[in-house]
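Any read-out appearing in this document is the output of simple, stated calculations on the displayed coordinates, not a laboratory observation. Quick caveat: nothing in here was measured; it's all calculated off a predicted structure. Cβ sites come from the backbone with ideal geometry, for glycine too, and all protein chains shown count toward neighbours.
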Amino acid sequence: MSLARNTASRKRSARPSARGSLKPLIVALVVAAAALSLAACGRDEADLSNGKARFVEKCGSCHVLGRAGTAGPTGPDLDAAFRSALADGMDRETVEGVVHKQILNPRKNSVMPAELVSGDDARDVAAYVGFAAARSGEDEGALAAAGLSEATTGEQIFTAGGCAGCHALAKANATGNIGPSLDDLAAAAGDGGSPEDFVIESVLDPDAEVAEGFQPGVMPSYEGRLNEEQLQALAEYLLDGG
Ligand code: HEC
Ligand code: HEC
C-alpha cells in the first residue's frame, strides 16, 4: 500500500504540468484501486461479455465508451478520461481498479449513483472498461455481440447498435450526421406503408430505399443481429414522438 502511494505521488510531482483536468482525479483513485486489484486476486476470470452488456445497460446513458457504442453526455468520456493515463504508462489492470472503485464509491453528491452494479457484475463492468477504454478498433467474436444481444429497450438498442455515431436523435442526445436525423421518421416513412415497417426495413436492408441526399452502402445491415422483439422495441422507440 505505502509503495503504491509513494509511486502515485512521485508520478504526480514528476509531472507538475499534468494535462487534462480529469488526471488528478484518476491519480487520486489509483491508490485505492491498487487495494481492490489485490483483493480481486484468486477469483475467477472476469466475464467481459457480461461486463459490456451491463455497461451498456447501466452506464452508457451517461458515458462515452467507443467500443461499447455508447455516447452518454452526462459523465466524463471514458475513452478520453483514460487515454493520457494509459499513454503515460498506467496499465489496464489499474484502470480496471479505478473503475471498480468509482462504481462502488462515487464521490459524495455525485450524480453518478453508487452500486448501479454490484458483486460480480461490478467486477465484470470494471474489467470491460479496463479492456475497452481508449482502445482503437472494434470488439470481436462473442464480445462484438454482447452489448446488442442483451439490449432490450429501444433506447438500449439504439445505444448498443452504435446508431448515435451516425444519426441525430434528440431524445438520445445523439448528434451523428453521417445519416439523416431520425427525429421525424413518421414523415420520412411517407404514405407507402406503416412507419414501423419502414423503420424495420431501413435497419435490416438500409439500401432498399436510400434517404434523399445520402449515400447507399454506408449504414450496416442489422439483419441477424437483432431479433423480432428488439426490432419492434427499436421501431416503437424511434417513432414515439417525445
Ligand atoms: C447518471 C449518470 C451516470 C451514470 C448512470 C454513471 N455515471 Fe459514471 N460518472 C458520472 C459523472 C457525472 C462522473 C464525474 C465524476 C463524479 O461526479 O463522480 C462520473 C465518473 C465516472 C468515472 C470516473 C472518470 C474519471 O475521469 O476518473 C468512472 C470510471 C465512471 N464514472 C464509470 C461509470 C460506470 C462503470 C458506470 C455504470 C456502472 C457509470 N459510471 C454510471 C455520471 C454517471
Ligand atoms: C455507419 C453509419 C450508420 C449507422 C451505424 C447507422 N446508420 Fe442508419 N443510416 C445511415 C445512412 C448513411 C443512411 C441514409 C442512407 C440509407 O437510407 O441507406 C441511414 C438511414 C437510416 C434510416 C432511414 C431514414 C430516412 O429518413 O429514410 C433509418 C430509420 C436508420 N438509418 C436507422 C438506424 C438505426 C436504428 C441504427 C442503429 C441500429 C442505424 N441507423 C445505424 C448511416 C448509419
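Structural remarks
- Spherically averaged projected area of the range 46-149 from its Cα convex hull (nm²): 6.0 nm²
- Label sites at Val210 and Asp197, each approximated as a point 7 angstrom past Cα along Cα to Cβ, lie 2.4 nm apart.
- Size descriptors for the range 128-196: radius of gyration and Dmax over Cα atoms are 14.8, 48 Å.
- Peptides 217-230, 85-98 ranked from most to least packed by the mean count of surrounding Cβ atoms within 10 Å: 85-98, 217-230.
- Each peptide among 179-185, 46-52, 146-152 gets the average number of other Cβ atoms lying within 10 Å of its residues, and from highest to lowest they stand as 46-52, 146-152, 179-185.
- Among Val129, Cys59, Gly141 the positive-end extreme of the charge dipole of the range 46-149 (Cβ point charges): Cys59
- Calculated Rg and Dmax of the range 151-242 using C-alpha coordinates, Å: 12.0, 32
- Available extension along the chain between Thr74 and Glu93 is 4.3 nm, counting 0.36 nm per residue and deducting the alpha carbon span.
- Table column - 3J(HN,Hα) (Hz), the range 135-151, Karplus curve with 6.51, -1.76, 1.60, x for Gly and Pro: 8, 7, x, 10, 4, 10, x, 4, 5, 4, 8, 3, x, 6, 5, 9, 6
- Solvent-free Debye scattering, log10 I(q)/I(0), computed from the Cα coordinates of the range 99-162 at q = 0.21, 0.27, 0.30 Å⁻¹: -1.04, -1.17, -1.17
- Note on Glu229 and Thr153: the model spin-label points, each 7 Å out from Cα along the C-beta direction, lie 1.6 nm apart.
- With 5 Å bins from 0: P(r) over the range 84-242, alpha-carbon pairs, percent: 2, 8, 13, 17, 17, 14, 11, 9, 6, 3, 1, 0
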